[in-house]
Amino acid sequence: MTDAARDRRGLGAAFWRFWSVEVATETAIGLAVIALQTMVVLDLGGGATEVGWLSSARFLPYVVLGLLVGAIVEGLRRRTVMLVSDVLRALVLGGLAIAWLSGGGSLWVLLLAAVLLGAASLVNDAASQAFVPRLVDRERLLPAHQRLDAGSNAAQSAGPAISGVVIAWLGAPVSLLLAAGAHLVSAVVLATLPPDARATRRERGLGRSILDGLHFVHRHPRLGPQARWTHVWFLCNGAAMTLLVPLVLVDLDAGPGGLGLALGVLGAATLAGTALAGLVAGRLGFARTIILERSLLPFAWAVVAAAALLALPEGGGLALVLTGLAAAGVAMGLSNPSEMALRQRATPDRMQARMNATMRTVNRAMVVVAAPLAGVLGDAIGVGPALAIVCGGFAIAAIGLAASPIARGRTAR
């Protein structure tokens with residue numbers, strides 16, 4: 001029996017049903033995000049600033065409610081939380097599509113929908129990440145996350161590509177309806193999983209529980225350095241992904257199909273990187289694999305920035321964007337399973353939801369700050385110069401992590 005076959009059997013049937021849930025959810029997100037961005041730029045005539053506000057609205061609930069939700073979810077059945085969040089997201093997406101088709105669309109309607117979707121995704125994320133260690137042994141967390149990331153990245157590649165075609169032919173509201181359907185599929189499959197055990201009663205108050213999560217992450221000898229420099233990475237990535245939308249839709253005039261292609265290439269490349277993640281982590285260790293990804297990203301995004309800075313023949317700019325995103329995707333695919341395995345191996349089950357909520361809250365706060373600022377900066381000085389500044393930020397994040405204690409600890413190899 002091959003190693004892959006042994007891993008597949010060892011992960012269990014429940015894990016693979018959960019894997020299909022994550023694929024359906026990520027497909028829905030891919031279908032929805034590009035539709036929302038296209039509505040802002042092409043339907044409402046917005047620019048980088050408006051795209052930034054949309055991204056900020058989507059992640060605002062993580063900042064306002066993230067720590068609270070993590071502490072609350074820890075005391076609930078995680079499968080039930082995920083199921084309810086899928087149904088809520090389907091209702092929001094379906095309602096937005098109907099409102100748009102009936103002529104009730106505006107920027108404020110989009111921003112409200114983005115906030116509601118972000119709140120439901122926040123609850124889902126807190127439960128789903130904490131659910132994995134209940135499905136597989138800690139020794140199998142790396143292969144489990146490698147397979148989850150492979151499915152997620154395939155969905156992130158297919159979702160935008162499908163959405164771009166659907167929007168070009170039938171309009172953005174139809175893409176939103178497809179996304180709603182994918183969330184309902186996820187809910188149906190979740191209902192077939194056995195209920196997980198409710199956590200033991202919290203011994204301390206909710207506020208104390210939240211503080212314990214913050215202290216655990218940021219004072220931990222391995223999680224602390226990873227968390228701090230990951231926050232910087234999210235600041236830069238939030239800015240870069242905001243600027244990518246007007247670069248492709250406006251500066252390169254590639255339309256929704258071009259944006260779908262760009263995000264599809266990013267997802268496919270991330271999938272390719274994920275396929276190599278186990279091999280690379282086995283040779284370098286978790287920490288050095290993460291540092292490798294951080295070191296490659298400044299160069300990958302510099303290639304994307306060149307598409308806006310250089311005078312290129314028709315089609316040359318989009319080709320550069322696709323090349324840079326492919327390199328970035330491979331790097332991110334290599335890193336993410338190691339990041340998740342490092343975090344979850346270092347965290348006891350009673351702290352899993354709070355650890356994930358703490359990381360995600362601050363990470364998404366970086367996006368909430370970076371997205372509108374990047375949009376304003378892009379409209380003020382141009383997308384190309386703004387992306388060049390972001391590349392410098394990626395470089396700082398890489399240098400900081402490489403110089404931190406995590407690079408010299410046991411997880412470095």
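Test each condition in (1) within 30 Å of ALA13 (Cα to Cα); (2) modelled with pLDDT of 75 or more for ASN237 and report the one that comes out false.
In the conditions (1) within 30 Å of ALA13 (Cα to Cα); (2) modelled with pLDDT of 75 or more, ASN237 misses (1) alone.
Rundown of residues vs (1) in contact (Cβ under 8 Å) with a residue 60 or more places away in the chain; (2) small (Gly, Ala, Ser); (3) over 30 Å from ARG140 (Cα atoms); (4) buried (at least 23 other Cβ atoms within 10 Å of the Cβ), yes/no style:
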site	(1), (2), (3), (4)
LEU223	yes, no, no, no
VAL232	yes, no, no, no
LEU271	yes, no, no, no
ALA287	yes, yes, no, yes
ALA302	yes, yes, yes, no
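To keep it simple, each residue is scored yes or no on (1) aliphatic (A, V, I, L, M); (2) within 17 Å of the chain's Cα centre (by Cα); (3) more than 17 Å from SER338 (Cβ to Cβ); (4) modelled with pLDDT under 90.
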| residue | (1), (2), (3), (4) |
| --- | --- |
| ARG219 | no, no, yes, yes |
| ARG222 | no, no, no, yes |
| LEU247 | yes, no, yes, no |
| GLY264 | no, yes, yes, yes |
| ALA268 | yes, yes, yes, yes |
| LEU271 | yes, yes, no, yes |
| GLY278 | no, no, no, yes |
| ALA281 | yes, no, no, yes |
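Let me confirm something: among LEU60, LEU44, which residue is touching a residue at least 12 places away in the same chain (Cβ under 8 Å), surrounded by fewer than 24 Cβ atoms within 10 Å (Cβ to Cβ) and either among the small types (Gly, Ala, Ser) or farther than 15 Å from LEU112 by Cα (or both)?
Of LEU60, LEU44, the one residue that is touching a residue at least 12 places away in the same chain (Cβ under 8 Å), surrounded by fewer than 24 Cβ atoms within 10 Å (Cβ to Cβ) and either among the small types (Gly, Ala, Ser) or farther than 15 Å from LEU112 by Cα (or both) is LEU44.
Here's the yes/no breakdown for (1) more than 17 Å from the chain's Cα centre (by Cα); (2) more than 26 Å from ALA275 (Cα to Cα):
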{"site": "ALA302", "(1), (2)": "yes, no"}
{"site": "PRO313", "(1), (2)": "yes, yes"}
{"site": "ASN336", "(1), (2)": "no, no"}
{"site": "ALA341", "(1), (2)": "no, no"}
{"site": "THR358", "(1), (2)": "no, yes"}
{"site": "ASN363", "(1), (2)": "no, no"}
{"site": "ALA388", "(1), (2)": "yes, yes"}
{"site": "GLY393", "(1), (2)": "yes, yes"}
{"site": "PRO405", "(1), (2)": "yes, yes"}
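Suppose we filter ALA397, ALA365, ALA388 for residues that are crowded, with 22+ Cβ neighbours inside 10 Å and part of a helix (DSSP H, G or I); which single one remains?
ALA397
Scan VAL265, VAL250 and give me the residue that is among the aliphatic types (A, V, I, L, M) and either within 22 Å of GLN156 (Cβ to Cβ) or buried (at least 24 other Cβ atoms within 10 Å of the Cβ) (or both).
VAL265
Can you name every residue in the stretch 26-55 that is hydroxyl-bearing (Ser, Thr, Tyr) and over 20 Å from LEU88 (Cα atoms)?
The answer is THR38, THR49.
Would it be correct to say that MET355 is in contact with a helix residue (DSSP H, G or I) (Cβ under 9 Å, 6 or more places away or on another chain) and buried (at least 24 other Cβ atoms within 10 Å of the Cβ)?
Criteria met by MET355.
Checking PRO194 against (1) modelled with pLDDT of 85 or more; (2) assigned to a loop (DSSP other than H, G, I, E, B), which single condition isn't satisfied?
So the condition that PRO194 fails would be (1).
The values are calculated or read from the model by the stated rules, or taken from the named source; none is laboratory data. As the structure is a computational prediction, the values presented were derived from the model and not from experiment. Note that we place each Cβ from the backbone using ideal geometry, even for glycine, and neighbour counts take in every protein chain shown.
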